[in-house]
1. Being touching a Gly at 6+ places or on another chain (Cβ under 7 Å), more than 16 Å from Pro145 (Cβ to Cβ) and not hydrophobic (A, V, I, L, M, F, W, C) is the filter here; which residues of region 157-206 pass it?
2. Restricting attention to region 113-152, which residues are touching a Gly at 6+ places or on another chain (Cβ under 8 Å) and of a type in the set (Asp, Glu)?
3. Can you give me the number of residues within region 159-178 that are crowded, with 17+ Cβ neighbours inside 10 Å and part of a loop (DSSP other than H, G, I, E, B)?
4. Out of all the residues in region 5-18, is one or more under 28 Å from Gly59 (Cα atoms) and either acidic (Asp, Glu) or not in a helix (DSSP H, G or I) (or both)?
5. Name the single residue that is nearest to Ile151 (Cα to Cα) among those in region 68-83 being touching an Asp or Glu at 6+ places or on another chain (Cβ under 9 Å) and among the hydrophobic types (A, V, I, L, M, F, W, C).
6. I need a count of the residues in region 119-131 that are within 15 Å of the chain's Cα centre (by Cα) and buried (at least 16 other Cβ atoms within 10 Å of the Cβ).
7. When Gly125 is evaluated against the numbered criteria (1) more than 13 Å from Ala83 (Cβ to Cβ); (2) assigned to a strand (DSSP E or B), which criterion, by number, is the only one it fails?
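None of the figures in this text is laboratory data; all of them are computed from the coordinates on show. Keep in mind the model is a prediction, meaning the values are calculated, not measured. Don't worry about glycine lacking a Cβ; one is built from the backbone with ideal geometry, like all the others, and counts go over all protein chains shown.
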Amino acid sequence: MGEPDFARRREALVSHLRREGIRDERVLAAIGQVPRERFVPPEFVDEAYVDRALPIGAGQTISQPFVVARMTELLEPRVEHRALEVGTGSGYQTAVLALLVAEVVSVERHRTLSEEARQRLAGLGIDNILLVVGDGSAGYPPRAPYDRILITAATPRLPEPVIPQCATGGRIVAPVGERYAQQLTVFVKMNGLSRTVVEPVKFVPLVGEHAFEENN
């Protein structure tokens, strides 16, 4: 039996996402470039292009491709932007975002996940990323302000320290709500912070000083 044709599977995934309503061609192109099979554990490689979340260890998951595409599209990234990602996870969303903006700063509290993501991203030659180990609910002030902020884990509310790190005119996309059920929400920072609820989602919880407690 031959090796899986991952390139063809990526093309099929992009076609699927387009049928599901993803319209931003830059986002679809980025999804089509990033080899998701490199971001999943070996035992799930054959499922890399199934449109569902997969476990990656440390109680975390790699998000469903549709959700990655949807959140990225809602973020409206541009090539000149600096983006903050809260929750590196496998590094897959990080890689997709890095193809669309000038720089991504990504914060992950699990050192092992961050290191694994670093190795994957380096192996793909993606070098416009700064990976930080720390409490993502506090953001990362040294590189602020950010034009775009993406929170990839569930938060009970928008973490307070993240708000001043968002540039005026910037956008924040986050799953906001209870520990096991949230609403995908877009915040725009102009004169104050506007909020648009998009759709229900389910993410693993963001654990940190300004999010959920470890065993709450």
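1. Hit for region 157-206 is Gln183, nothing else.
2. Glu116, Asp135, Asp147
3. Counting residues in region 159-178 that are crowded, with 17+ Cβ neighbours inside 10 Å and part of a loop (DSSP other than H, G, I, E, B) gives 1.
4. no
5. Kept after step one, since they are touching an Asp or Glu at 6+ places or on another chain (Cβ under 9 Å), are these residues of region 68-83: 69-70, 72-73, 76-78, 80-83.
Then keep just the ones that are among the hydrophobic types (A, V, I, L, M, F, W, C); that gives 69, 83.
On the way: Ala69: 14, Ala83: 11 Å.
So the residue we want is Ala83.
6. Total meeting the criteria: 3.
7. Only one criterion in (1) more than 13 Å from Ala83 (Cβ to Cβ); (2) assigned to a strand (DSSP E or B) is unmet by Gly125, namely (2).
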